[in-house]
Amino acid sequence: MQLSNHGQEHDRRPAMDDPTHSPRPYKRSKSMKHAGDERTDSDSCPETPRADSAAVLATQPIEAGQETSAPETAAKKNAFHELMTKKPRPPAAPSIPPRGSSSRPSNPYYLNNDPRSALAAYLSNPESLPSGVILFHNADFVVISDAYPKASVHALVLPRDISVTHLHPINVLNSNPALLSSLREISEQTRTLLAKELQRTHAKYSATEQIRQKAFEALEDRAIAEPGFDPDSEESQAMLPPHRDWAACIKIGVHSRPSMSNLHVHVISEDMHSRCLKKKAHFNSFNSRFFVRLDEFPLDEDDPRIPDVGSMNSTLKGDMVCWRCKRNFGNKFKELKDHLELEYQAWRKI
């Protein structure tokens, strides 16, 4: 499956050695930083919809405890000048045409002025959107960063087949094995892409990755001391400890009762670390049976997650249970949110 230039550009992002393709690492002095040390995973939540890939893939927030100070000259700036100076606005996601707008009929992915059709803006002509909006696309799928990510990395896979885009995900994935197979394939490609981003942003904290990095450096030291020793040979590479399995930290699935009308699959990391995680329903929608993994399909005929078979309201409104330690927080979202931060710090150090 061929990816667009958007995907190719993304693959050139600076990263520690790739789990699937490990180039020869360079020897680093202790004073050097990892590539990307100054870039951290996004934990911001825009107040207006954004599809900038930076919303999921590497923004630059100020680290906790970091002091910032403006230059002394900043305080002396003319207040009137500051007020009148136009400030650039951040890039916005494709806007949703208002009901009755003449632009809506030209996009078949909108459904009867359904206000839940926001994702239709990405499907009709992804080539026309800015490169930061789309992660990659082809004739059959568009993959975007979620505008309101609920974890360190969070992407959406959108099928472009107009005959399925308005169907309920549970029904169509239960009855269309060809589509299910294609979605599994493109979602795995997305998982690989997001796993590289997790590695890039968290490798400097990971004990597993640091052990491997030190082993890399030992091979290069040996190459200097022993002329003829090749640190890039298969035998040498086999001596290295494994990478952390970042792909295993990412889950793929759909909501049993989706809030958006266009068919989409979530590819999301397990850490639930995001400012956009603001309420109980956000958490439970990814950490209960409300979230149906692609590898669970096809479902049994009596599965309550199938529309008209059962209700999922009680599941979405049920107790919140930590994804990592399984502690039950009941309805105490603030307490859970504080706990998730502690779990996140421990999780990234594995």
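Below, the figures for the structure above:
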| read-out | value |
| --- | --- |
| Every residue from the stretch 199-247 that is in contact with a Phe, Trp or Tyr (Cβ under 6 Å, 6 or more places away or on another chain) and of a type in the set (D, E, K, R) | R222 |
| Filter pass, R222 being in contact (Cβ under 8 Å) with a residue 24 or more places away in the chain and either assigned by TED's automatic domain parsing to the domain that holds P307 or out of contact with any strand residue (DSSP E or B) (no Cβ under 8 Å at 6 or more places or on another chain) (or both) | no |
| Of all residues making up the stretch 311-350, the number that are of a type in the set (D, E, K, R) and in a loop (DSSP other than H, G, I, E, B) | 8 |
| Qualifying residue in the stretch 177-191 (condition: free of Cβ contacts under 8 Å to residues at least 24 places away in the same chain and either small (G, A, S) or outside the structural domain of D308 (by TED's automatic domain parsing) (or both)) | yes |
| Count - residues of the stretch 177-208 that are within 15 Å of D245 (Cβ to Cβ) and either modelled with pLDDT under 95 or surrounded by fewer than 21 Cβ atoms within 10 Å (Cβ to Cβ) (or both) | 4 |
| Test for S288: is it polar (S, T, N, Q), assigned to a loop (DSSP other than H, G, I, E, B) and either within 30 Å of L180 (Cβ to Cβ) or in contact with a strand residue (DSSP E or B) (Cβ under 9 Å, 6 or more places away or on another chain) (or both) | yes |
| Which listed residue, of R275, R289, R305, is of a type in the set (D, E, K, R) and under 25 Å from Y122 (Cα atoms) | R275 |
| Flag for S124 being over 17 Å from V254 (Cβ atoms), among the polar types (S, T, N, Q) and modelled with pLDDT under 85 | no |
| Residue list for the stretch 328-341, restricted to those being among the basic types (K, R) and surrounded by fewer than 13 Cβ atoms within 10 Å (Cβ to Cβ) | K334 |
| Qualifying position, being on the phi > 0 side of the Ramachandran plot and crowded, with 20+ Cβ neighbours inside 10 Å, among M272, M320 | M272 |
| Pick from the stretch 131-172, criterion without any contact (Cβ under 8 Å) to a residue 40 or more places away in the chain and assigned to a loop (DSSP other than H, G, I, E, B), ranking: farthest from R293 (Cα to Cα) | A139 |
| Test: K214 is surrounded by fewer than 17 Cβ atoms within 10 Å (Cβ to Cβ) and either in contact with a strand residue (DSSP E or B) (Cβ under 8 Å, 6 or more places away or on another chain) or charged (D, E, K, R) (or both) | yes |
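The values are calculated or read from the model by the stated rules, or taken from the named source; none is laboratory data. Note that this is a predicted model, so its numbers are computed, not measured. In this analysis, Cβ positions are derived from the backbone assuming ideal geometry, glycine residues included, and neighbour counts consider all displayed protein chains.
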